[in-house]
Ligand code: NAD
Ligand code: DAU
């Protein structure tokens, strides 16, 4: 048996593959275009494993995906591939439309053709699992109930609008053609191998190099943080026992303001890697111009996946953030390789 993952060289996909290879005997094939966010160094420890195969390619490439389906006959496809950074979507929305909408559309088309040609028993077992985000539901007020699967879609950024569009297409391929799909909408992830353009790895990396820790606006925006391995375990549960056509919200019940997250990082770094002058990393915090259209609060009501699929996160924010900071401290070579010329250009464009 074989499964396909797309975008497996990115943050969540590479954590998923590492867990899969460690815990399963089933072959996993990673299809990734290797954009700036894709990094094969994340997968170095499995590159020679006979159960793992990497194919460099674009999810929007019809001929490629079709030929891979013919060759490998997978029992499932998990779609992680996406342009995933909200700030970049504000500068270059066209990349998000291309990959997140057209790319997902192409995966649905090729998957449908493959699925239709399968025998009845194989058709029953096939799954198309689409990994999506809580941002499609829009922004919550302070006292609003956390997002339920039944909330209406109100995306506010080009990123979330493109993900919302892909979610709608996935839903339509189930209702119109019967393709056995599953969709997950998850809150903010953090953990090893996250690219340092996102808040947590950016602040860890900037703190260690003595740079500013940029907080947008008043820093009181709220995100619901989930450790990446907990997200990967949830995806596994959905893949194996989720009901086809259903949507599952995934979240850690860890609502934190951005300023609290950054102060926690500073506090842990003060302990694990004290500065020579004994000053706190907090002194590097700087409030800067807000993100346009910045969503105020995200929070997930995860009772459906907890009750129906018996999934629960195993890390608290306190244990997860400590593991993450320790991982970045132990993997400074990885960080060094990621901070190349292209990354520096982004930082200059975004923060000066
Ligand atoms: P990421 O940006 O770290 O990785 C994306 C990967 O997709 C990269 O390896 C990139 O090379 C690849 N890719 C991009 N365009 C491609 C294309 N056209 N064809 C093939 N590969 C392509 O993203 P991530 O943070 O790992 O997120 C993975 C998925 O999870 C995304 O769909 C994202 O929307 C969703 N998600 C992320 C979070 C989060 O907090 N990071 C939370 C909820 C949902
Ligand atoms: O909610 C799930 C989403 O979480 C995923 O779908 C996205 O792929 C993922 O990137 C993430 O989106 P956010 O915009 O919430 O993540 P980011 O790390 O970019 O920002 C987290 C919060 O921190 C957000 O309120 C913006 C703020 N921020 C971010 C950066 C990069 C800052 O204050 N300063 C910064 O420099």
Exercise. With each pseudo-label sitting 7 Å past Cα toward Cβ, what's the residue 53-residue 339 distance in nm, one decimal?
Worked result: 3.8
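Rank by packing, highest mean first: peptides 137-145, 101-109, 54-62, with packing defined as the count of other Cβ atoms within 10 Å averaged across residues. Could the numbers behind the result be given before it?
Working: 137-145: 13.9, 101-109: 21.2, 54-62: 17.9.
Going from most to least packed, we get 101-109, 54-62, 137-145.
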Problem set entry | Folded to 0 to 90 degrees: helix 317-330 orientation relative to the chain principal axis, Cα | 80
Seminar exercise, completed: At q = 0.14, 0.18 Å⁻¹, the log10 of I(q)/I(0) for segment 1-55 from a Debye sum over equal Cα scatterers comes to -0.28, -0.47
Problem set entry | Equivalent ellipsoid dimensions for segment 94-230 as semi-axes, Å, which come from the Cα gyration tensor, largest first | 34, 18, 14
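Among DSSP beta bridges lying fully in the chain, give the percent that are antiparallel, nearest 5. Please report the intermediate quantities before stating the final value.
On the way: 3 of 39 bridges.
Here the share of antiparallel DSSP bridges comes out near 10 percent.
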Exercise. Which distance in nm do the two modelled labels at residue 23 and residue 316 give, with both placed 7 Å along the Cα-to-Cβ direction?
Worked result: 2.2
Exercise. For residue 2 and residue 41, what is the calculated FRET efficiency with R₀ set at 22 Å and r taken between the beta-carbons, to the nearest 0.05?
Worked result: 0.35
Exercise. Sorted from largest down, what three extents in whole angstroms do the Cα atoms of the chain have along their principal axes?
Worked result: 68, 47, 38
Seminar exercise, completed: Computed, not fitted: 222 nm per-residue ellipticity of the chain from DSSP H runs ≥ 4 (each -39500 (n - 2.57)), nearest 500, equal to -13000 deg cm²/dmol
For this session: Report, largest value first, the span of the C-alpha coordinates of segment 187-286 along each principal axis, in whole Å.
Result: 56, 26, 20
Exercise. When DSSP assigns beta bridges and you keep just the ones with both residues in segment 207-327, what percent turn out antiparallel, to the nearest 5?
Worked result: 40
Exercise. Taking the Cα atoms only, what angle lies between the long axis of helix 341-351 and the longest principal axis of the chain, rounded to 10 degrees?
Worked result: 60
Exercise. What is the spin-label model distance, in nm, from residue 176 to residue 327 if the labels are put 7 Å beyond Cα along the C-beta direction?
Worked result: 3.8
Exercise. What is the gain in length, in nm to one decimal, between residue 63 and residue 286 on full extension, counting 0.36 nm per residue of separation less the C-alpha to C-alpha distance?
Worked result: 75.5 nm
For this session: Grab the beta carbon distance between residue 143 and residue 260, set R0 = 25 Å, and tell me the FRET efficiency rounded to 0.05.
Result: 0.85
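Given that compact globular proteins tend to follow 2.2 N^0.38 Å, what is the ratio of the alpha-carbon Rg of segment 36-116 to that value? Spell out each step's value before the answer.
Details: Rg = 14.4 Å, N = 81, 2.2 N^0.38 = 11.7 Å.
My calculation over the Cα atoms of segment 36-116 gives 1.23.
Contour minus end-to-end for residue 243 and residue 273, with contour as 0.36 nm per residue of separation and end-to-end as the Cα-Cα distance?
Details: separation 30, 0.36 × 30 = 10.80 nm, distance 4.63 nm.
Fully extending the segment from residue 243 to residue 273 adds 6.2 nm.
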For this session: May I ask you to compute the full-extension gain from residue 91 to residue 307, defined as 0.36 nm times their residue separation minus their alpha-carbon distance, rounded to one decimal in nm?
Result: 73.8 nm
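Throughout, read-outs are computed from the coordinates displayed, never taken from laboratory work. None of the values given here were measured: they were computed from a predicted structure. Note that each Cβ is placed from the backbone with ideal geometry, even for glycine, and that neighbours are counted across all protein chains shown.
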